[in-house]
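Only the coordinates and a few stated rules stand behind these numbers; no lab work does. Treat the numbers as computed from the prediction; the structure is a model and nothing was measured. Here Cβ is always computed from backbone atoms with ideal geometry, including for glycine, and neighbour counts include all displayed protein chains.
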Amino acid sequence: MADLTPEETIAILTANRTGQLGPYLSGLVAQQLLMGILLTQCFHYFHMFPKDSWLWNKSLVLFLLVSGVWQAACSFEMLWSVFVSGYGDILDYNHTHATWWLSPASTALVACASQSFFLTRCWRVTRNWLVLILGGTGILVSTTAGITVTSSVFKVVLFTRHTEPIVKIPVYVWLVASSLTDVGISTFLIIHLRKSSTGFNSTDSVIRSLLKVTLETCGLTTVIVLLDFIIYATTGDQHIAHFAFQFIMGKVYAHSVLYTLNARINMRAILARTSGVAQSGSGDRSPSANRTFGMFRKTTPADTYNLSQIQVRTQVDQHIDGGRPSEEDKDGSRAPPPAFERTKQISLVTSHTLAADGGSVESFEDRDASSTSELRREQRRAAAV
């Protein structure tokens, strides 16, 4: 397509000012607002989960935070260049800058990190190689297409040429591959979680919470990507309404990861209410103490909300005659008096191990070793008497 004359360019861009500047301004302002929410989420995460691994969770959150700041800075420059330094200059608006060229690539990289996070969760749950291969292929294709979009807009430069095939085709591939990957990962994860019922009310409540979080996060990203694709494919030649969704795609992906990580707090609260893990049945209601195997210790945010292991505790009462029997006791003429009867509680712990992000569910049983050994000592002492 040959370059338009300045007069033709001005005529095209001024024919529909609302359709050109409205979505442009709305998308950039919305991204700035979402940046504030992202900062709050990151602060909340680092405060409440200081013991999370730097190898995966913390490094991912740090990358999303740095990427979010970069995108916010680019958005500010794009606003400044159009509404301050280039105010009223339609030709300057038509000549895009590097911050606009880099927007698709940065969004694709953020989406790649977020989708990899959810794919890892899906792999931990299903252990299905087909899911891993298909999801990895979708992430690779969408990321490559997003970077290709940046290369294409760098070549065309002019805003009025953003609907040419050199830009349009990689945009289609990018958005379709991203939406299909989101739908596939969330579908596999939801199907498997629905089949993971354990019979324990507390664990099943957490699984239901995981299902809700999965629908809210993956569903939102899918809707945003699909809206961007549909509007661009149907009305991209008339206006740029799709920019209202494209500019916030990166932030929505970042929010989905942070929301999932921080949702572990709510899952811990659900578990505490339904199974009484921390203090239920112990008689202690102090918020600063946590009952664990008969010991009290002060809790930290990581201790209180870490869901790397979910425990459902069942207490079994055993009655032991801890006093010295009388002569009547020896010949079995009467039962031991209540004063000599002592109760020993054995904690039978059923643990449902979830990945740090709320992934796979496994079950095993263990006993409170300290309680068991103490019970045996009591039994030996009673037998010796």
Subject >> Dipole of the stretch 1-138, positive direction: furthest Cα of 26, 65, 106, with charges on the beta-carbon >> reply: 65
**OP:** Can you grab the distance from the C-alpha centre of the stretch 46-79 to the C-alpha centre of the stretch 115-167, Å, no decimals?
**Re:** 20 Å
Subject >> Distance between modelled label sites at residue 197 and residue 98, nm, 7 Å Cα→Cβ extension >> reply: 5.8 nm
**OP:** Could you give the size of the charge dipole of the stretch 63-189 about its Cα centre, using +1 on the Cβ of each K and R and -1 on the Cβ of each D and E, expressed in debye and rounded to the nearest 20?
**Re:** 540 debye
Original post:
Given 58/195; 155/251; 58/212; 168/212, which pairs have Cα atoms separated by over 32 Å?
Top reply: 168/212
